[in-house]
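Just below is one structure, and these are the notes that go with it.
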Amino acid sequence: MNITIIGTGYVGLVSGTCFAEFGVNVTCVDKDEEKIKNLRKGIIPIYEPGLDELVKKNINQGRLKFEIDLSKSVNLSDAIFIAVGTPSRKKDGHADLSYVYAVAEEIAKNLKNFSVIVNKSTVPVGTGENVSKIIKKINPSLKFDVASNPEFLREGSAINDFMRPDRVVIGCKSEKAKNILKELYRPLYLLETPIIFTNRETAELIKYAANSFLATKITFINEISNLCEKVGANVNDVSIGIGLDGRIGKKFLHPGPGYGGSCFPKDTLALVKTAQDHKSPLGLIENVVESNDKRKKSMHKRILNSIGKSKKKIISILGLTFKPNTDDMRDSPSLDIIPALIKNKCDLKVFDPEGMKEAKEYFKKYSDKILWCKDSYEASKGSDALVILTEWNEFRALDLKRLKKLLNKPVIIDLRNIYNPLELKSLGFEYFSLGRPQT
Ligand code: NAD
């Protein structure tokens, strides 16, 4: 089979590479020329474990190609995937569909034979219908179908998530489209992966409902964690105690500085807007959005309260990305916390294993207040407190005795609860974490 994937970002590049690994001939298209030039040489624009080897392997085996212009490949493709960004629209928080619609127009201008156009981007209910209308208007005689195939991969474990997903969701009208997509996902059928066929609107909504549910679960435990602090309970034990209930489940019950990343913030907002547009408001999700925003915007106060009063403070920050194993900085809690600390007269020493290049772009205007360090120990030297913002594995086993010697004051503020409070106390640290009794 032959497919084209338009948009070669976190989703498009991983999906395209994994389909190639399944044996499909894939052309990945992106309007970013630099990105395509580099990809042709096997240079990967993002950090995603295992992706570089898989890209190189499939380029070498002739199944994976990269193009700037979609006209070369769309007419040879059984399916054309749209995998461009759908960020929040600045004016109202709704999903900005301009990239998706621009691709629809380009496809319409270039496609001559039947193909299934598949929305892999996360798009609000009704977008498939709009894509269909755009194509019909520009190219009325074209035979095509529009399907929805939302993507559930997680950055950091994207390849495994794509190759061994919990489920595949496909929303389409025609049998022809269904059969093409069935064939494309045949390797997953063989692994007995549940493949759910729905109408297009349902598939579109499933993606938003899934992300909003997960964001709600995180926000729930964050709020419970706040209550734990007031009543002397331990949120980690609460998580275990409720998570062992099969109806609840253990995952996504870890308190933190608020969810971030390229999906949950924008997708919760877009779902809220869709619901309002249809006069069926989702008060629960509106509260989740508000609660998470408040949490991210107030986290710096916890840090400042933990270090007490002094005129000038130097704070070490370990972790800048919204989660480990990615270099993605989009909507990371660090984007709220770092500027707020700087506003409160702190100087920062920061380190992230993979996110520093991205982060430097985001924090350009604070360059005189941030010292970029080469590792956790350099970042800790001479600081009044160490803040763990992202739970990268390498932060889980720091040499604490060495850290204590390096820090100006032995204060650790662990916003991911990765250390044991008793152990840290016995080593002479003042240790603050989330929702656990102060020892
Ligand atoms: P991204 O920003 O990493 O990549 C989008 C790419 O599309 C960019 O490289 C951009 O240059 C390209 N592009 C934009 N317009 C184009 C055009 N007209 N022609 C060719 N290329 C074009 O985005 P992403 O994180 O991969 O997300 C893509 C979609 O997948 C979004 O809707 C997102 O919500 C969804 N999604 C993302 C994730 C994730 O973890 N990142 C997971 C599941 C779903």
Just name the residue that is surrounded by the fewest Cβ atoms within 10 Å (Cβ to Cβ) out of those in the range 231-280 that are touching a residue at least 40 places away in the same chain (Cβ under 8 Å) and among the aromatic types (Phe, Trp, Tyr).
-> Phe264
3 or more residues among the acidic types (Asp, Glu) and touching a Gly at 6+ places or on another chain (Cβ under 9 Å): qualifying helices (runs of 4 or more DSSP H) within the range 173-238 | 200-231
May I ask you to verify whether Val118 is within 13 Å of the ligand (Cβ to nearest atom), in contact (Cβ under 8 Å) with a residue 60 or more places away in the chain and part of a strand (DSSP E or B)?
-> yes
Among the residues of the range 139-154, count how many are away from the ligand (no atom under 14 Å from the Cβ) and either of a type in the set (S, T, N, Q) or surrounded by fewer than 15 Cβ atoms within 10 Å (Cβ to Cβ) (or both).
-> 4
Can Lys143 be described as free of Cβ contacts under 8 Å to residues at least 12 places away in the same chain and closer than 22 Å to Ala102 by Cα?
-> no
Qualifying residues in the range 277-312 (those that are small (Gly, Ala, Ser) and in a helix (DSSP H, G or I)) - the one nearest to Glu430 (Cα to Cα) | Ser306
Which of the residues spanning the range 316-350 are in a loop (DSSP other than H, G, I, E, B), in contact with an Asp or Glu (Cβ under 8 Å, 6 or more places away or on another chain) and surrounded by 24 or more Cβ atoms within 10 Å (Cβ to Cβ)?
-> Gly319, Leu320, Thr321, Phe322, Thr326, Asp328, Met329
Single residue of the range 35-56 satisfying the filter (farther than 28 Å from Ile107 by Cα and without any contact (Cβ under 8 Å) to a residue 24 or more places away in the chain) that is surrounded by the most Cβ atoms within 10 Å (Cβ to Cβ) = Asp52
Please state which of the following conditions Gly50 fails to meet, knowing it meets all the rest: (1) closer than 25 Å to Phe152 by Cα; (2) modelled with pLDDT under 95.
-> (2)
What pairs come up if the first residue lies in the range 359-370 and is closer than 22 Å to Thr326 by Cβ, the second is of a type in the set (Asp, Glu), and their beta carbons are under 9 Å apart, counting only those six or more places apart or on different chains?
-> Ala359/Asp327; Ala359/Asp352; Ile370/Asp347
So which of Leu188, Leu184 is away from the ligand (no atom under 16 Å from the Cβ), crowded, with 17+ Cβ neighbours inside 10 Å and within 26 Å of Asp328 (Cβ to Cβ)?
-> Leu188
Restricting the first residue to the range 191-216 and requiring it to be under 16 Å from Leu181 (Cα atoms) and in contact (Cβ under 8 Å) with a residue 60 or more places away in the chain, which pairs with a second residue that is of a type in the set (Lys, Arg) and surrounded by fewer than 19 Cβ atoms within 10 Å (Cβ to Cβ) meet a Cβ separation below 8 Å and a spacing of at least six or different chains?
-> Arg200/Lys173
When you scan the range 1-111 for helices (runs of 4 or more DSSP H) that lie fully inside it, which ones turn up with 3 or more residues that are more than 22 Å from the chain's Cα centre (by Cα) and within 13 Å of the ligand (Cβ to nearest atom)?
-> 33-40, 71-74, 98-110
From Glu358, Glu378, Glu394, Glu354, grab the single residue that is over 23 Å from Phe429 (Cβ atoms) and part of a helix (DSSP H, G or I).
-> Glu358
Odd one out for Glu129, checked against (1) in a helix (DSSP H, G or I); (2) among the charged types (D, E, K, R); (3) surrounded by 15 or more Cβ atoms within 10 Å (Cβ to Cβ) | (3)
Identify, from the list Thr17, Thr8, the residue that is touching a Cys at 6+ places or on another chain (Cβ under 6 Å) and either under 20 Å from Val74 (Cα atoms) or in contact (Cβ under 8 Å) with a residue 12 or more places away in the chain (or both).
-> Thr8
Can you spot a residue in the range 155-170 that is surrounded by 15 or more Cβ atoms within 10 Å (Cβ to Cβ) and free of Cβ contacts under 8 Å to residues at least 12 places away in the same chain?
-> yes
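The values are calculated or read from the model by the stated rules, or taken from the named source; none is laboratory data. On a predicted model such as this, the values are computed, not experimentally measured, just so you know. Please note: Cβ atoms are built from the backbone with ideal geometry, for glycine as well, and neighbour counts cover all protein chains shown.
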